[in-house]
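Comments concern the structure below.
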Amino acid sequence: MSGIDEGKQFIALGDKLGLCVKSLDKVVLFQNENSIKTCGSLQGQVCTKACMELYHQIEECSAVSEGMKLFKATEIDGNKVDALIVNDGRQITTLLYPLGEDQDKFKKQELFFKERGLTKSELRIMQMVMQGMTNAAIAEKLFISKATLKTHLNNIYKKLPASMRPSQVRG
């Protein structure tokens, strides 16, 4: 099955989701309309957009580049998105989910965490986690040690459902 045929299977995933399928040499084989809106039409061209910069991070940090990686709240051409990049050994598939700066969403998140008993400090840390920040970046921003941050995170995760553990929240 060609990348184009496989790409068409994903078109029904929703109106918001962007899909781009590339060959292993990063030539764009297929883009749905949302991907074109985000990145412009690149069919038949080598992709040099921000998602390929993210993919380069996967390549340089892994002895084997096959697999998938989620990048939370990252910016691609001025658009804030969650990006899932999958290398199945035959092609590179990028799924982009646009994130609006929706104040209602932030209020819902804050309410969710408050209902579970998070303190103000824990709430601030969890918001940074949800934005995809690393532990080192959070500790630096809050002027605390990594050990102190880990203590806060352990306390936070005890208050949250299992689906909110680090592997499910961060990329």
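For segment 135-154, what are the residues that are closer than 21 Å to residue 75 by Cβ and touching a residue at least 12 places away in the same chain (Cβ under 8 Å)?
Selection gives 135, 138, 141.
Any residue in segment 35-59 that is outside any helix (DSSP H, G or I) sitting within a Cβ distance under 8 Å of a residue that is aromatic (Phe, Trp, Tyr) and surrounded by 14 or more Cβ atoms within 10 Å (Cβ to Cβ)? List the pairs, counting only those 6 or more apart or interchain.
43/30
Looking only at residues that are at pLDDT below 90 and either in contact with a helix residue (DSSP H, G or I) (Cβ under 7 Å, 6 or more places away or on another chain) or outside the structural domain of residue 94 (by TED's automatic domain parsing) (or both) in segment 7-25, which one is surrounded by the fewest Cβ atoms within 10 Å (Cβ to Cβ)?
Per the stated criteria, the residue is 16.
For residues in segment 132-165 being farther than 23 Å from residue 84 by Cα and basic (Lys, Arg), which is surrounded by the most Cβ atoms within 10 Å (Cβ to Cβ)?
Once the filter is applied, the top-ranked residue is 159.
The values are calculated or read from the model by the stated rules, or taken from the named source; none is laboratory data. This one's a predicted model, so the numbers in the text were calculated from it and none came from an experiment. Quick reminder, even Gly has a Cβ in these numbers, built from the backbone with ideal geometry, and neighbours come from all protein chains shown.
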